[in-house]
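The values are calculated or read from the model by the stated rules, or taken from the named source; none is laboratory data. Just so it is clear, the model here is predicted, and its values are computed rather than measured. Only protein heavy atoms, including side chains, enter the accessible area calculation; ligands, DNA and RNA are left aside. Shrake-Rupley method; radii C 1.70, N 1.55, O 1.52, S 1.80 Å.
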Amino acid sequence: MTLNKTLFSQRGLIVSCQALEDEPLHGGDTIRKMAVAAQMSGAIGIRTNGAHDIRSIKEAVDVPVIGLIKRDIPGSDIFITPTLDEVKAIVEAGADIVALDVTDREGRLDQVRELIAYAHQAGAAVMADVSTFEEGAAAERLDADYIGTTLSGYTPYSPQLEGPDFELVRRLSETVSVPVVAEGRIWTPEEAVKALEAGATYVVVGSAITRPQLITRRYVEALRKLIP
């Protein structure tokens, strides 16, 4: 049975505050400060990667925190909270919601049953990161509390779009009974609004707010079109 559907105070923006080890903002308290800034500006939740940042952000904000751990496993394409070890670390760090890959590859839809059950038993909700409508429907049957469109475009069989997958948001919102979280390639406020209009309950924005190297690159590439 799903739980904690009312963790968030209202519909709105969740900011993804993450920096991988090879990125300039990794380490220290930078990600914590980003989360504080996001809450100050009206974010209703934070999504973050790694036990250290989950714990640090939980100490600094009073909005729900979605936690995940990205881990590369040789020979596998599953890297968002791939095993029970990561789920346990996320729960122990204090995340309110555990985000994990719920895609239909490598037997994942069977594997996640144990992960979802553990998170629920530990008192945490679960956000299923999916890439297709069928995976979203399966995630609801598996008792995920939230369904995110996070991985649309990041599996070879999902639509390879330059922008957000609004159609996936719409189809899921019209069909499933749990909140749908629009996430993935949302770069402008207008796109965030469109995601809510498509039926999303929440919208996650990350790179467009918290990854300055990618924001800068978009400006540079746009200007280069006009520079001989």
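Data table
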quantity	calculated
Residue-wise HN-Hα coupling along region 73-86, computed from phi with Karplus coefficients 6.51, -1.76, 1.60 (Hz; x: Gly, Pro)	10, x, x, 10, 9, 8, 10, 8, 6, x, 10, 4, 4, 5
Relative contact order of region 86-228, pairs being alpha-carbon contacts under 8 Å that are 6 or more residues apart, as %	16 percent
Nearby aspartates and glutamates by direct alpha-carbon distance to K58 (threshold 18 angstrom, same-chain neighbours under 8 apart not counted)	D29, E86, E92, D96
Sequence-distant aspartates and glutamates (8 or more away, or on other chains) whose Cα lies within less than 12 Å of K88	E114
Apportionment of accessible area to carbon and sulfur, the chain, percent (1.4 Å)	52 percent
Region 37-147: antiparallel DSSP beta bridges as a percent of all, rounded to 5	5 percent
Antiparallel bridges, percent of DSSP beta bridges restricted to the chain (to nearest 5)	5 percent
Solvent exposure of the chain as accessible area per residue, Å², 1.4 Å probe	49 Å²
3J(HN,Hα) from dihedral phi, region 25-30, Karplus parametrisation 6.51/-1.76/1.60, rounded to Hz, x for glycine, proline	8, 5, x, x, 10, 4
Cα gyration tensor shape for the chain, rounded if a/c is under 1.5, else prolate or oblate	rounded
List T6, T150, T175, ordered by accessible area with a 1.4 Å probe, largest first	T6, T175, T150
Table column - 3J(HN,Hα) (Hz), region 128-141, Karplus curve with 6.51, -1.76, 1.60, x for Gly and Pro	8, 8, 10, 10, 9, 4, 4, 5, x, 5, 5, 4, 5, 4
